[in-house]
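Asks: Sharing a structure here in structure tokens format.
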Amino acid sequence: MPLKVGLLGATGMVGQRFVQFLDGHPQFELDTLFASKNSAGKQYGKIGKWTIEAPLPDAVASMRVEETTAKTVSKSGVSLVFSALPSAVAGDLETEIAELGIPVFSNAAPHRMDAAVPLLIPEVNAPHLALAKLQKEEGRAPIVTNANCSTTGLVMGLKPLAERFQIRDVVVSTYQAVTGAGNAGLALLAQPNNVIPHIAAEERKMETESRKIMGKVSRGKIRPADFSVLASCARVWVRDGHLESVVVTVDMEPSIDEVLDAFRKFRSEIAGRSLHTAPDEPVHLFTEEARPQPALDALLGSAEGLPGMSVGVGQVRVADDGRIRFFVLSHNTIRGSAGGSVLNAELALAEGLLGS
Ligand SMILES: NC(=O)c1ccc[n+]([C@@H]2O[C@H](COP(=O)([O-])OP(=O)(O)OC[C@H]3O[C@@H](n4cnc5c(N)ncnc54)[C@H](OP(=O)(O)O)[C@@H]3O)[C@@H](O)[C@H]2O)c1
């Protein structure tokens, strides 16, 4: 029997992707939609906020949206919630919901850096789920977060290198899509030919979250990775898909063949575990020039029926001083949020953390 799940922030840009990824899911059944009081009481399909390219399932279109309070969530009887709440309200609401015994899989920032909360990307740091096990052992329903959308692409690009080399220093510059700013970000499409070299709090998130994700877990604590990260973030006139230029210093001067080999031979920590939303090839290496590109590659993974769950790495080079350079592209509202969060819940379920 699939677990009945609730979706917080259901009308948002990430909420729509959750609807897409939960449609027909074998283990999770989308049972109740929650949004702000402006949407409460309305039929989802009549609210008029569905803007993604995937079709809106009829069964979801006819569902009535509930107002989001800990009480309405508890009353709905769902077994877990996926949260795409704005940061401003997510912190307290998610805590209250977890305290009522309902596990929370969140896309929002407030709990990401909590010492007791895993910041999980299964292909990168599956062992960090140990923190959720501890939360459960201590009698609480777990809160599990996924990273900021630009952090996700960065660490998925770094992971194959970390398997082969000791990373010392990372410099990343982003070219981020407008949907990273949610439904409101779509307004930026009306201002073409522009780049905005500022995204509030984004650089700090990339710098801290990536070190937590790539850190080691031991006895219930995460020791952040000891490399430095310097991020510069910009919003570009692209609808979906964050492209990032990454420069990495490692403990040696590798050859280009060693670096390409690290990407080619990368095997994720959950390879072979048959999780429904896990792509066969989480990191796709492009060897042709001028790839990846958002317009061509944001939906990488479509061939497996998982559009946007794979990240693309390309333009891999090694500079004369031995630094590694590459571009990485990830779909911000799929891999960087809803799809990643559904995958986190699948791993938690497989590890016996969900259900009775
Ligand atoms: N967009 C991305 O690429 C991305 C990536 C990773 C993480 N995230 C994070 O995911 C979360 C959602 O982002 P988004 O891009 O989907 O934002 P969004 O498009 O602005 O959607 C926000 C959602 O939250 C609901 N909401 C607003 N105020 C609320 C309140 N006071 N109480 C309950 N619900 C409320 C909205 O409902 P109404 O329609 O009724 O207002 C809507 O469903 C944010 O925390 C964001 O930082 C986003």
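Asks: Using the basic label-point model (7 angstrom from Cα toward the beta carbon), what is the residue 36 to residue 52 distance in nanometres?
Replies: Computed distance between label sites residue 36 and residue 52 equals 2.0 nm.
Asks: Let me ask another. Could you grab the relative contact order for the chain? Cα pairs under 8 Å, six or more apart, rounded to a whole percent.
Replies: 18 percent
Asks: Now for a separate question. If the convex hull of the alpha-carbon atoms of the range 127-258 is projected onto planes in all directions, what is the mean projected area in square nanometres?
Replies: 10.0 nm²
Asks: Given labels modelled 7 Å from the Cα in the Cβ direction, how far is it in nm from residue 166 to residue 217?
Replies: 2.5 nm
Asks: Of all alpha-carbon pairs in the range 1-146, indicate the percentage at a distance above 22 angstrom.
Replies: Details: 3872 of 10585 pairs.
That fraction is 37 percent.
Asks: Where does each of 330, 87, 337 land when they are ranked from fewest to most other beta-carbon atoms within 10 angstrom?
Replies: Listed from fewest to most nearby Cβ atoms, that is 87, 337, 330.
Asks: Quick check: from the Cα gyration tensor, does the range 195-353 come out rounded (a/c under 1.5), prolate or oblate?
Replies: rounded
Asks: Could you work out the relative contact order of the range 311-356? I mean the mean sequence separation of Cα pairs under 8 Å and 6+ apart, divided by the number of residues, in percent.
Replies: Taking the mean separation of contacting Cα pairs over the length of the range 311-356, I get 26 percent.
Asks: Could you compute the FRET efficiency for residue 4 and residue 67, with r as their C-beta to C-beta distance and R0 at 22 Å, rounded to 0.05?
Replies: Between residue 4 and residue 67 the formula returns 0.75.
Asks: Then there's this: Measure of size requested: the Rg and Dmax of the range 266-347, with Cα atoms as the atom set and Å as the unit; please supply both.
Replies: Reported Rg and Dmax, both Å: 13.7, 43.
Asks: With only Lys, Arg, Asp and Glu charged, each at its Cβ (+1 for the first two, -1 for the last two), find how big the charge dipole of the chain is about the Cα centre; round to the nearest 20 debye.
Replies: 740 debye
Asks: Mind listing the Cα extents of the range 245-291 along all three principal axes, in Å, largest one first?
Replies: 37, 27, 18
Asks: Then there is this: Run the numbers for residue 264 and residue 136: contour at 0.36 nm per residue of separation, minus the present Cα-Cα distance, in nm.
Replies: Net length gain for the segment: 42.4 nm.
Asks: Let me ask something else. In degrees between 0 and 90, to the nearest 10, how far off the longest principal axis of the chain does helix 87-99 point, with axes built from Cα atoms?
Replies: That works out to roughly 60 degrees.
Asks: Between residue 234 and residue 293, how high is the FRET efficiency from 1/(1 + (r/R0)^6) when r is the Cβ-Cβ distance and R₀ = 22 Å? Nearest 0.05.
Replies: Working: r = 16 Å, r/R0 = 0.75.
The value I calculate is 0.85.
Asks: While we're looking at this one, here's another question. Report D for the range 117-182 in µm² per second (integer): Stokes-Einstein, Kirkwood Rh on Cα pairs, 10 °C, 1.306 mPa s.
Replies: Rounded to a whole number, D works out at 114 µm²/s.
Asks: Looking at this model, which pairs from 4/133; 75/216; 46/71; 49/133 are more than 29 angstrom apart at the alpha-carbon?
Replies: Over 29 Å Cα-Cα: 75/216; 49/133.
Asks: A follow-up question, please. For the chain, just the Cα set please: Rg and Dmax, both in angstrom.
Replies: Using the Cα atoms of the chain, the pair Rg, Dmax is 19.4, 62 Å.
Bear in mind these aren't lab numbers, they're just calculated from the coordinates by the rules spelled out. A quick note: this is a predicted structure, and the numbers were derived from the prediction, not measured. In this analysis, Cβ positions are derived from the backbone assuming ideal geometry, glycine residues included, and neighbour counts consider all displayed protein chains.
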